[in-house]
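The values are calculated or read from the model by the stated rules, or taken from the named source; none is laboratory data. Quantities reported herein were computed from a predicted structural model and do not represent experimental measurements. Using ideal geometry, Cβ is built from the backbone for each residue, glycine included, and neighbour counts are taken over all protein chains shown.
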Amino acid sequence: MSSNRELYRPCVGVMLVNEDGRVFVGNRIDTKEGDRWQMPQGGVDDGEDLDTAMLRELGEETGLAPGDVKIVARLDEELYYDLPEELQGKLWKGRYIGQRQVWYLARLTCSEDAIDLEAHSHPEFCAWKWVDPAELPELIVPFKKALYEQVVAGFRERL
C-alpha cells in the first residue's frame, strides 16, 4: 500500500444490521469473481459530508431513506485496500490504485420490506441477504478480505 492517500479513492461503507445483529450484503451485478457479496459502499463526492455520502450510497444501493436507519457508530480511522494489479488503471478512469474508506455501523429501523435494489437507475446488486458478521470476510472478493476483517473487529462490541 502506498503512503500517498491521494492515490486512493475516498469512500464510505456501511455495515447495516437488523434487530437480530445480522448484516446486509448484496450480490454485485458486475462481479467477475464468482459468488461474491459485499456491504454497501461508494465514493464520496467532492465537498460532500461523510454522513451525507453514507446515507446517499445506502439509498442508491438499497432504496432505504435516511429515516429508515440509525447511525450507531463510525470507525475512527480510514481503512485502505489496494486493487489487484490487473484492475489498477482500469477502474475509476485509472486515477486510483485502491480505496480509502470510512466505515459506519447503522441499524435498520424500519421493515426490511423497504429494501429495494432497483430504486436507483443503475442497480449495483442483483440479490441481497442477511448474514452473520463473522461470515463477511469469506463472502467478499479476496482483495478486500483484510479490510472486512478490520470492519468486523472495529464494530464487534457494538453489534
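What about Lys70, is it touching a Leu at 6+ places or on another chain (Cβ under 9 Å), surrounded by fewer than 16 Cβ atoms within 10 Å (Cβ to Cβ) and closer than 22 Å to His120 by Cα?
Values: touching a Leu at 6+ places or on another chain (Cβ under 9 Å): yes; surrounded by fewer than 16 Cβ atoms within 10 Å (Cβ to Cβ): yes; closer than 22 Å to His120 by Cα: yes.
It is true that Lys70 is touching a Leu at 6+ places or on another chain (Cβ under 9 Å), surrounded by fewer than 16 Cβ atoms within 10 Å (Cβ to Cβ) and closer than 22 Å to His120 by Cα.
If Glu85 satisfies all but one of (1) of a type in the set (D, E, K, R); (2) in a helix (DSSP H, G or I); (3) more than 18 Å from Phe125 (Cβ to Cβ), what's the number of the condition it fails?
Here Glu85 clears every test but (2).
Go through (1) more than 24 Å from Arg156 (Cβ to Cβ); (2) surrounded by 15 or more Cβ atoms within 10 Å (Cβ to Cβ); (3) modelled with pLDDT under 95 and name the single condition Arg36 misses.
(1)
I'd like to check something: does region 93-109 contain any residue that is in a loop (DSSP other than H, G, I, E, B), free of Cβ contacts under 8 Å to residues at least 40 places away in the same chain and not charged (D, E, K, R)? So that I can check it myself, show each step before the final result.
Residues of region 93-109 in a loop (DSSP other than H, G, I, E, B): 95-97, 109.
Filter once more, so that each one left must be free of Cβ contacts under 8 Å to residues at least 40 places away in the same chain: none.
Looking through region 93-109, none of the residues is in a loop (DSSP other than H, G, I, E, B), free of Cβ contacts under 8 Å to residues at least 40 places away in the same chain and not charged (D, E, K, R).
Out of all the residues in region 57-67, which are surrounded by fewer than 18 Cβ atoms within 10 Å (Cβ to Cβ) and touching a Gly at 6+ places or on another chain (Cβ under 8 Å)?
We begin by selecting, within region 57-67, every residue surrounded by fewer than 18 Cβ atoms within 10 Å (Cβ to Cβ); these are 60, 63, 65-67.
Within region 57-67, Glu60, Ala65, Pro66 meet the criteria.
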